[in-house]
Amino acid sequence: MDDIDDDAEPLITHAPGVDWDPAERRARMVERDIVSRGVRHAGVLRAIGTVPREQFVSPDVAEFAYDDHPLPIAGGQTISQPYIVALMAEAAELTPGDRVLEVGAGSGYGAAVLSLIAEQVWAIERHRELVSSAERVLRELGYDNARVIWGDGTLGFPPAAPFDAIVVTAGGPRVPPALLDQLADGGRLVMPIGSVTRNQELVRLRRDGDTFEEESLGPVRFVPLIGAQGYSERVAEPEAEVLTVAAPMSGRRTAGVRAPHGISALVAESAEPFSSIVSADIGPLIERIGDARVVLLGESTHGTSEFYRLRARITEELIAHHGFTVVAVESDWPDAARVDAWIRRRTPIGPPFTPFARFPTWMWRNRETVELVDWLRDYNEAHEGDRPPVRFCGLDLYSLFTSRDEVLAFLDSVDTDAAEVARTRYGCLTPWEQDPAAYGRAVVSEGLVACEPGVVATLTDLLANRMDYVDGDVHAFDDAAHNALVVANAERYYRTMYYGSVESWNLRDQHMFDTLRAIEQRAAGGVIVWEHNSHIGDGSATEMASRGESNVGQLCREAYGDDAYLVGFGTDRGTVAAASTWGGPMEVKSIRHSHSLSYERVFVDSGIPAFFMHLRDPERRELRSELSTPRLERAIGVIYRPETELQSHYFQAVLPRQFDEYVWLVETSAVVPLPTHGVLGAPDLYPFGL
Ligand code: SAH
């Protein structure tokens, strides 16, 4: 009846080597994720506080068993988020004598929870390999009043009917009539109803003789219910993102599941292989980019040479032959402005300082970047007068103090009185120059008066005096105004860091997007962005969405639609330049082989060492749909901790929705950092002092 995935990883039912205390984590989870959201049923809280969830998932992900999200299990399915299990069990109003039917047994976890509250549980599952593994765990753990049955749960389980409660853990178009028939008088049925992927509603039906009283319990997202009285496999197929409440990245579509080699074979068929960065035929990619207004080029690490070099090739082609005129990167504004002055042969605005001296220096102070910068300078020189000069801009907001200096230097040159006022206002920040993060801490925990009014007033005063100040040089004014904005946003950024990472992440990505948008609106041609995949891929297709985070890619998608072209880059192994701790020295580290449940592993298994893969193509329905099963994706930033890789460097994503195109290089090497001798002493003149 269904596609049995012979090559699926064996589901191991124990989590050997668990060196943390599951009971403690469970107790914490009950308070943090379940009681806090209003679940009160004592039996439910006790059951969730008892069932060892780590035993129902593969050891690979056991360490996440008590996090607030669903996790992958065999057959491409997911184990429900604990909160959802609790919510549904409470809604089913179980009492100790109840006979319960669960449709969608999955890992067996939900059945175990129900079995601790009710008398007897029958759990039906359509994937045969899940049936045997769930049965095995339940037996081993002694949940003897729960049975798992292989079959189509939309037809119920007549031999054990009627049921006092029916819990359906997959979303269907309507309540299957067979289930209504099998509900006892007074019985409750809890089930998500709605479209295959979105706009589902959790409903509870209560049987009173021949009538059913229906109640809505709120919006949810579940995997599709597939069967005779549910969805057909065909309908459930396209692009389903799958999901559960508050965790939009979990779950998955159920139809057409392929063994890993199946997906990898499909990738191999669809990929455009290349053998070297220099000789790669980027023509088809450039054609697909077409006349997009913004092209976002990502990277899965901040320290991989190949990513820089290949992005440089694409960038040069877009500039030379397709009218692009700006390169905007994930660096600070004043630092990038020095490079901009260099490539446009202008005198730098603002006081001398050492660009890219802030940790992580190797991110832009590397051989690969200098090669691009040299090319940009030569290009601008060769086309002086016949084409608009290409600009180089920084989108980030970490330059609190260099931007402050730039604003003051500008005001000194146009309005010394205003400069004095600004100096006093900015003085509020001075004690924190060595450690701006400590500023946020002091405001939040010690009640220090925030410097916000002063930095905001400086920005508004500057903008209000535009007419007077642009008199001399409009570029200098614009530059100073942007620096004043960076100071204001950075001040907020360092403060919000202490309220939570979601706020500060959103503030930073919103700042980067607003900066990009402002640049794009003034640019003569298109803009090319270089940032990490986690910024430039559409965040709504990743677990960021469940945390309420947005990013540059998502904001571009919303603002530009198909006029934004999002390209992700990834790798399996090799070396990477990264630090072990924030502020620590750069090291060349070996990258671990990618995780068995990751997209990277699918690409390794394609057997093609380097390729471009077009994902937006509507013709590639099968590829997109196969890749739409949420998987892990690796992100290495400026810090790489291979020891805790799964926890620190993987997130869940639906890759074909995240990117329009993906570029794969199975083996890669670290960027070549440049000396930083000037960094601590007198300003060195990157990039021209090298
Ligand atoms: N309750 C599970 C998670 C369920 S995910 C747990 O705690 O692990 C939903 C499950 O419903 C999937 O395993 C899917 O295979 C199953 N499913 C979908 N349609 C089904 C049907 N018609 N009959 C039985 N199971 C079905």
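Here the Karplus relation 6.51 cos²θ - 1.76 cosθ + 1.60, evaluated at θ = phi - 60°, turns the backbone of region 81-86 into coupling constants of 5, x, 4, 5, 4, 5 Hz, with x for every Gly and Pro.
Ordered from largest to smallest accessible area (heavy atoms of protein chains, 1.4 Å probe), the residues S36, S546 come out as S36, S546. Given a 1.4 Å probe and every protein chain left where it sits, what share in percent of the accessible area of the chain is carbon and sulfur? That fraction is 52 percent. Kindly identify region 424-546 as rounded, prolate or oblate by the Cα gyration tensor criterion: order the square roots of the eigenvalues as a ≥ b ≥ c, call it rounded if a/c is under 1.5, otherwise compare a/b with b/c, prolate if a/b is larger, else oblate. It is oblate, given that a/c is not under 1.5 and a/b is not larger than b/c.
Net charge near E420, counting Lys/Arg +1 and Asp/Glu -1 over other residues with Cβ under 13 Å of its Cβ? Before the final figure, lay out the partial values.
Working: positive: R423, R425; negative: D412, D415, D417, D461.
Surrounding charge for E420 is -2.
Most simply put, the chain has about 45% antiparallel DSSP beta bridges, counting only bridges with both residues inside it. The antiparallel fraction among DSSP beta bridges confined to region 69-239 stands at about 45%. The alpha carbon centroids of region 487-525 and region 147-171 are separated by 50 Å. E24 contributes about 100 Å² of solvent-accessible surface, heavy atoms of the protein only, 1.4 Å probe. Max-minus-min Cα coordinates of region 470-599 on each principal axis give 59, 37, 29 Å, with the largest extent listed first.
One-quarter of the Cα convex hull surface for region 69-239, in nm²? Walk me through the numbers before you get to the answer.
Numbers: hull surface 35.5 nm².
Projected over every direction and averaged, the Cα hull of region 69-239 covers 8.9 nm².
Ratio of alpha-carbon Rg to the 2.2 N^0.38 Å globular estimate for the chain, to two decimals, please. Mind showing how you got there, number by number?
Numbers: Rg = 28.1 Å, N = 690, 2.2 N^0.38 = 26.4 Å.
For the chain, the normalised Cα radius of gyration is 1.07.
What the phi angles of region 45-59 give under the Karplus curve with 6.51, -1.76 and 1.60, with θ = phi - 60°, is a coupling list of 5, 5, 5, 5, x, 10, 6, x, 4, 5, 7, 9, 10, 6, x Hz, glycine and proline written as x.
The packing ranking of peptides 307-319, 112-124, 416-428, highest mean first, is 112-124, 307-319, 416-428, where packing means the average number of other beta carbon atoms within 10 angstrom of each residue. Taking a ≥ b ≥ c as the square roots of the eigenvalues of the Cα gyration tensor, region 330-469 is classed as oblate, since a/c reaches at least 1.5 and a/b does not exceed b/c.
Averaging Cα coordinates gives a centre for region 311-346 and one for region 259-294; these two points are 24 Å apart.
How big is Rg to Rh over region 286-413, alpha-carbon atoms, Rh as the Kirkwood inverse-mean-distance radius? Walk me through the numbers before you get to the answer.
Values: Rg = 15.2 Å, Rh = 15.6 Å.
That ratio is 0.97, to two decimals.
Solvent-accessible area per residue in the chain equals 38 Å², computed with a 1.4 angstrom probe and all protein chains kept.
The values are calculated or read from the model by the stated rules, or taken from the named source; none is laboratory data. Please read these numbers as outputs of a predicted model, since none were measured by experiment. Every residue, glycine as well, gets a Cβ built from its backbone with ideal geometry; the counts of neighbours run over all protein chains shown. Ligands, DNA and RNA are excluded from the accessible area calculation, which covers all protein heavy atoms including side chains. Shrake-Rupley method; radii C 1.70, N 1.55, O 1.52, S 1.80 Å.
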